[in-house]
1. Where is the GNM fluctuation largest for the chain (alpha-carbon springs, 10 angstrom cutoff): 194, 289, 171?
2. Starting with the highest mean, order 263-275, 113-125 by the number of other Cβ atoms within 10 Å, averaged over the residues of each peptide.
3. Take the alpha carbon gyration tensor of the chain, find the square roots of its eigenvalues, order them as a ≥ b ≥ c, and report rounded if a/c is under 1.5; if not, report prolate when a/b exceeds b/c, else oblate.
4. Grab the DSSP H runs of the chain that are 4 residues or longer, score each as -39,500 (n - 2.57), total them, divide by all residues and round the 222 nm result to the nearest 500 deg cm²/dmol.
5. Based on the mean of other beta carbon atoms within 10 Å per residue, what is the order of 85-91, 126-132, 248-254, most packed first?
6. Take the chain, connect every pair of alpha-carbon atoms lying under 10 Å apart with a spring to form a Gaussian network, then pick out the residue of 65, 285, 184 with the largest mean-square fluctuation.
7. Can you give the relative contact order of the chain as a percent, counting alpha carbon pairs under 8 Å and 6+ residues apart?
8. For the residues 211, 259, what sequence is obtained by ranking on other C-beta atoms within 10 Å, fewest first?
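Quick note: the coordinates plus some simple rules give every number you see, no bench work behind them. All values reported here derive from a predicted model rather than from experimental measurement. FYI the Cβ positions are ideal-geometry reconstructions off the backbone, even for glycines, and counts take in every protein chain you see.
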Ligand code: XMP
């Protein structure tokens, strides 16, 4: 019979059978899929698991610390945390084209990950959070020409170069099943129910070039927005919610003075797979409250807009 408990036991047996006594490397991103893979592998093979977390400096407020706290401190999983934000920011300087941002980030990510993975030395396997829709998508892409709307990054040719075999215990699962598996494994709800987050992170939520100052500003806006969403208990009704820092300055009034600061956009969508999406119909008073908080609390922002574009014709991200 097919229950998550039975799946868990079968997956653990299959992992043990596949890897034997070998060491396994698992890349952590802070997202649901790689987190569930890591916890599942830890249960299956314990200390044979070595996690690698490449921090590109494009995560949300406090997220890198959360990853370290959860995996190293809570689960006691061996974790290499490589803060590569300086390198990423340096290479991204002046890059404005969305696809160029993705390519730059993807290339650096593989380089840094590979360098860290090599230090692990005797690893024979690489664990990945590949889901069933990823399997289907990569098959259908071989069928004929398809238009790449946005290239998504992964670890590229790294398994071949490093002679690593893949461990992909989530290959049969859809996203909601991965969440159910995470719950079955006893993972905290706020980790399991976390919204999807793109590999290139906040870089594709800042149209134009990326600087540390802009990233800091966006992180603050995003944190206030998500705090209000959680307080209103709306987080789990939404597929993804995030803020975008607009490359526009507008005039405002604050007290007796005139301001000339940046504008931001808020986005929230419902979806089942990210392929299509509807904008989320927040109550107006919610939007008003968030806008007031952002402008009061985030110095440098004086205008807030809400994106009411669905997908298609829009995409979920702005880039
Ligand atoms: P779009 O913007 O194409 O996004 O409607 C669909 C889903 O994919 C995520 N996304 C990405 N994920 N690398 C990723 O790993 C990317 O380059 C990327 N671009 C978009 C997006 O957050 C949404 O969940």
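1. Result: 289 has the largest fluctuation of those listed.
2. Details: 263-275: 18.5, 113-125: 15.8.
Result, highest mean first: 263-275, 113-125.
3. prolate
4. It lands at -12500 deg cm²/dmol.
5. Going by the mean number of other Cβ atoms within 10 Å, highest first, we get 126-132, 85-91, 248-254.
6. So, out of 65, 285, 184, the one fluctuating most is 285.
7. Value for the chain: 16 percent.
8. Final ranking by Cβ density, sparse to dense: 211, 259.
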